[in-house]
Amino acid sequence: MELPLRGVFYPLGFAVEILTNDPEVLRAADESFGHVHENRGATTLQIRIGISEGANRACPPEPTRREYNHLYSLVADVENQALLDLKTCTSFAWLKKSTLKNRLYFRYNFLEKMVYLLLGASVVTDLHAACVGKEGKGILLCGDSGAGKSTLAYACARAGWTYTSDDTSYLINQSEAPRVIGHAHRVRFRPAARELFPELAAHAVTPRMEGKPSIEVPVSELPVLRSASEAKVYAIVYLNRYPSATGSLMSLPKGTAIQRMCNELFSAGDIRAQHEAILQQAFADVPTYEIEYSDSEQAIHQLDLLITRT
């Protein structure tokens, strides 16, 4: 199939060329990545997406993901799937026109997934962490799913901190000091966050990949005074939220964060080994803490104290 339409976009600030035969693919890419204009350096990444005609029908199921070493597949059904080689950064998706018409499904399950998989195999390392900063010092907020990373990151932003990311940060592989990039243009919340932040009440829940519903809101519509797409990491903080906590911050043994981050990597084989080495080098001298708290106000107070001593 000929893919005569081309567009260059800058997800996370890295140039990615998308080749397709349908202009709606490029419009969807602009919705996903058009907010980023900085260029962090040339890349050779190309995403190929072929669209075939077909009768309209129900949205395909969530793609099944399979990975072996550097090979990765996304398969929704026989007519909607993608293949990626993460070592050579070669990719191809074959989708039906009806799938493309379901814009959110297409963006979340194929377009963005492919782009961030290839970026994660070449120029960044994914971290399951939020990031906020103050006085130029970035703090990674880490913890299991549901630990409150997004909620605390947004609460910090409302309190005057600089917002960088809510749940996923991307470590720049070749940076001399540990620096991360985030999706600073939006915040994603679990539906329960509406009980904490009244300004979220009018926003609808959007079905997300991996079965996690969320509320996605542009930062421009929220009381966030400062945001920055990039931050230098000065400390790593693991969240431990429980009702009886009185608010405390304690140091964790050196290497704790590196071990936990390595365990959370989604990559496999050679790519995983590369990511583990990058994490070892980047965070070898970054202090790690655990914060015990029952509400955001307690946590922000402890983080303020941490900034003064970091």
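The values are calculated or read from the model by the stated rules, or taken from the named source; none is laboratory data. As the structure is a computational prediction, the values presented were derived from the model and not from experiment. No Cβ is skipped: glycine too gets one built from the backbone with ideal geometry, and neighbour counts run over all protein chains shown. All accessible areas refer to the heavy atoms of the entire protein, side chains included, with ligands and DNA or RNA removed. Shrake-Rupley method; radii C 1.70, N 1.55, O 1.52, S 1.80 Å.
Quick one: dipole size for segment 230-284, taken about the Cα centre, charges +1 on Lys/Arg Cβ and -1 on Asp/Glu Cβ, in debye to the nearest 20. List each step's numbers first, then the result.
Values: 5 positive and 4 negative charges, 44 e Å.
Here the size comes out at about 200 debye.
What's the extension gain from Ser145 to Leu104 if we count 0.36 nm per residue and subtract their Cα-Cα distance?
Working: separation 41, 0.36 × 41 = 14.76 nm, distance 2.26 nm.
Gain on extension, Ser145 to Leu104, equals 12.5 nm.
Against the longest alpha carbon principal axis of the chain, how many degrees, from 0 to 90 and to the nearest 10, is the axis of helix 269-282 turned?
30 degrees
Going through the cross-link list Lys232/Lys254; Lys97/Lys232; Lys113/Lys149; Lys101/Lys137; Lys113/Lys232, which pairs have a Cα-Cα distance over 31 Å in this structure?
Lys97/Lys232; Lys101/Lys137
Do any GluC sites (Glu not before Pro) in segment 1-76 lie in a DSSP loop with no more than 13 other beta carbon atoms within 10 Å, and if so, which?
Working: sites: Glu2, Glu17, Glu24, Glu31, Glu38, Glu53, Glu67; in loops: Glu2, Glu38, Glu53.
Of the GluC sites (Glu not before Pro), the ones in loops of segment 1-76 whose Cβ has at most 13 other Cβ atoms within 10 Å are Glu2, Glu38, Glu53.
Rounded to the nearest 5, what % of DSSP beta bridges with both residues in segment 136-236 are antiparallel? Could you put the intermediate results ahead of the total?
Working: 10 of 15 bridges.
The antiparallel fraction comes to roughly 65 percent.
Using a basic spin-label model with each label point 7 Å from the Cα along Cα→Cβ, how many nm lie between Asp285 and Val205?
4.7 nm
I'd like the accessible area for Lys137: 1.4 Å probe, protein heavy atoms, all chains in place, Å² to the nearest 10.
40 Å²
Let me check against my output: what whole-number percent is the relative contact order of segment 101-233, with C-alpha pairs under 8 Å and at least 6 apart? Show your work: numbers first, answer last.
Numbers: 242 pairs, mean separation 34.8, N = 133.
In percent, rounded to a whole number, it is 26.
Using only Cα atoms, tell me the angle between helix 149-158 and the longest principal axis of the chain; keep it within 0 to 90° and round to the nearest 10.
Compared with the principal axis, the helix lies near 70 degrees.
What spacing in nm lies between the two simple spin-label points modelled at Glu17 and Glu135, each 7 Å away from Cα in the Cβ direction?
It works out to 4.7 nm between the two label points.
May I ask what percent, to the nearest 5, of DSSP beta bridges between residues of segment 1-154 are antiparallel? It would help to have the intermediate numbers written out before the result.
Working: 27 of 36 bridges.
Roughly 75 percent of the beta bridges in segment 1-154 run antiparallel, per DSSP.
Set the Förster distance to 35 Å, then compute FRET efficiency between Trp94 and Gln174 from the Cβ-Cβ distance, nearest 0.05. Numbers along the way, then the final one.
Working: r = 33 Å, r/R0 = 0.95.
Using R0 = 35 Å, I get an efficiency of 0.60.
Can you compute the charge dipole magnitude of the chain about its Cα centre, using +1 on each Lys and Arg Cβ and -1 on each Asp and Glu Cβ, nothing else charged? Give it in debye, rounded to the nearest 20. Please report the intermediate quantities before stating the final value.
Numbers: 32 positive and 35 negative charges, 23 e Å.
That gives a dipole near 100 debye.
Which residue, Gln259, His183, Ala282, has the largest displacement toward the positive end of the dipole of segment 169-301 when charges sit on each Cβ (Lys, Arg +1; Asp, Glu -1)?
Result: His183, furthest along the dipole toward the positive end.
Rounded to two decimal places and with Rh computed the Kirkwood way over Cα pairs, what is Rg over Rh for the chain? Before the final figure, lay out the partial values.
Details: Rg = 19.8 Å, Rh = 20.3 Å.
Rg/Rh for the chain comes to 0.97.
If you scale each eigenvalue of the Cα gyration tensor by 5 and take the root, what three semi-axes come out for segment 241-298, rounded to whole angstrom and sorted largest first?
Details: eigenvalues 176, 36, 11 Å².
The equivalent ellipsoid of segment 241-298 has semi-axes of 30, 13, 7 Å.
Given the DSSP H assignment, sum -39500 (n - 2.57) over each helix run of at least 4 residues in the chain and divide by its residue total; what's the result at 222 nm in deg cm²/dmol, nearest 500?
So the helix-based figure for the chain works out to -7000 deg cm²/dmol.
Please express the Cα-Cα pair-distance distribution P(r) of segment 172-310 as a list of whole percents, one per 10 Å bin, running from 0 to the bin with the greatest distance.
10, 28, 39, 22, 2
What is the ratio of the Cα radius of gyration of segment 82-241 to 2.2 N^0.38 Å, where N is its residue count, to two decimals?
Values: Rg = 16.5 Å, N = 160, 2.2 N^0.38 = 15.1 Å.
The reported ratio for this selection is 1.09.
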